[in-house]
1. Please find, among 24, 5, the residue that is part of a helix (DSSP H, G or I) and surrounded by 14 or more Cβ atoms within 10 Å (Cβ to Cβ).
2. Can you pull out the residues in region 91-112 that are loosely packed, with under 12 Cβ neighbours inside 10 Å and farther than 27 Å from residue 140 by Cα?
3. Give 163, 176, 149, 125 a once-over and let me know the one that is over 13 Å from the mean Cα position of the chain (by Cα) and closer than 23 Å to residue 75 by Cα.
4. Going by the structure shown, is residue 38 in contact with a helix residue (DSSP H, G or I) (Cβ under 7 Å, 6 or more places away or on another chain) and modelled with pLDDT of 90 or more?
5. Based on what the data block shows, is residue 144 closer than 17 Å to residue 37 by Cβ and in contact (Cβ under 8 Å) with a residue 12 or more places away in the chain?
6. Looking at residue 155, is it exposed (fewer than 12 other Cβ atoms within 10 Å of the Cβ), touching a strand residue (DSSP E or B) at 6+ places or on another chain (Cβ under 9 Å) and more than 21 Å from residue 73 (Cα to Cα)?
7. Looking only at region 54-66, which residues are surrounded by fewer than 23 Cβ atoms within 10 Å (Cβ to Cβ), touching a strand residue (DSSP E or B) at 6+ places or on another chain (Cβ under 6 Å) and part of a helix (DSSP H, G or I)?
8. Considering only residues of region 34-53 that are assigned to a loop (DSSP other than H, G, I, E, B) and surrounded by 14 or more Cβ atoms within 10 Å (Cβ to Cβ), which is farthest from the chain's Cα centre (by Cα)?
């Protein structure tokens, strides 16, 4: 693999991870980041019934807090530790409520809705009154603005006397909540 292709691949992976983090917990344009869903002040919070725990009723109140037109395309986003807590929830007959996916490429489901991991969301018990999950139709509720795509420029002259070549890679992206009613955030009880 050519070094330039390797650098572009590495940058693309790092950029994708940084964007994923920013779309969840970014602090906004003042800090040259997209506004993350958990920092969107207009998004309604649903509070869990107890601190340091998540119950079936908490997740159902989160899901049904979203209007039906957005609930149809809703996805639940949680960190892996919260996913484990959801997987351990059982009904009155001792049956697990978690619905593992039987098809490759399809996410598992809880209460009939897909569940995706987002590791930048705080874990249950991470701190008092922190946001531990979000649910909604992100295509309707959150806008990602990709200004230019990625640009790659070889800098031949800058380090020519040292026998080096520089590569400048840049990308501009923004994002923010555009329809707060399409998303709900689950906040841990204090």
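1. 24
2. 91, 92, 93, 94, 95, 102
3. Only one candidate passes the filter, namely 125.
4. Details: in contact with a helix residue (DSSP H, G or I) (Cβ under 7 Å, 6 or more places away or on another chain): yes; modelled with pLDDT of 90 or more: yes.
When the stated conditions are applied, residue 38 passes them.
5. On the way: closer than 17 Å to residue 37 by Cβ: yes; in contact (Cβ under 8 Å) with a residue 12 or more places away in the chain: yes.
Considered against the rule, which asks whether it is closer than 17 Å to residue 37 by Cβ and in contact (Cβ under 8 Å) with a residue 12 or more places away in the chain, residue 144 comes out as yes.
6. Numbers: exposed (fewer than 12 other Cβ atoms within 10 Å of the Cβ): no; touching a strand residue (DSSP E or B) at 6+ places or on another chain (Cβ under 9 Å): yes; more than 21 Å from residue 73 (Cα to Cα): yes.
Taking the combined requirement at face value, the residue does not satisfy it.
7. 61, 63
8. Our first condition is that a residue be assigned to a loop (DSSP other than H, G, I, E, B); within region 34-53, this holds for 34, 36, 40-43, 48-53.
If we keep only those that are surrounded by 14 or more Cβ atoms within 10 Å (Cβ to Cβ) too, we end up with 34, 36, 40, 43, 48.
On the way: 34: 12, 36: 8, 40: 13, 43: 15, 48: 20 Å.
So, considering only residues that are assigned to a loop (DSSP other than H, G, I, E, B) and surrounded by 14 or more Cβ atoms within 10 Å (Cβ to Cβ), the one farthest from the chain's Cα centre (by Cα) is 48.
The values are calculated or read from the model by the stated rules, or taken from the named source; none is laboratory data. Computed from a prediction, not measured in an experiment: that's the story for all the values here. Positions of Cβ are generated from backbone atoms using ideal geometry, with glycine treated the same way; all protein chains shown enter the neighbour counts.
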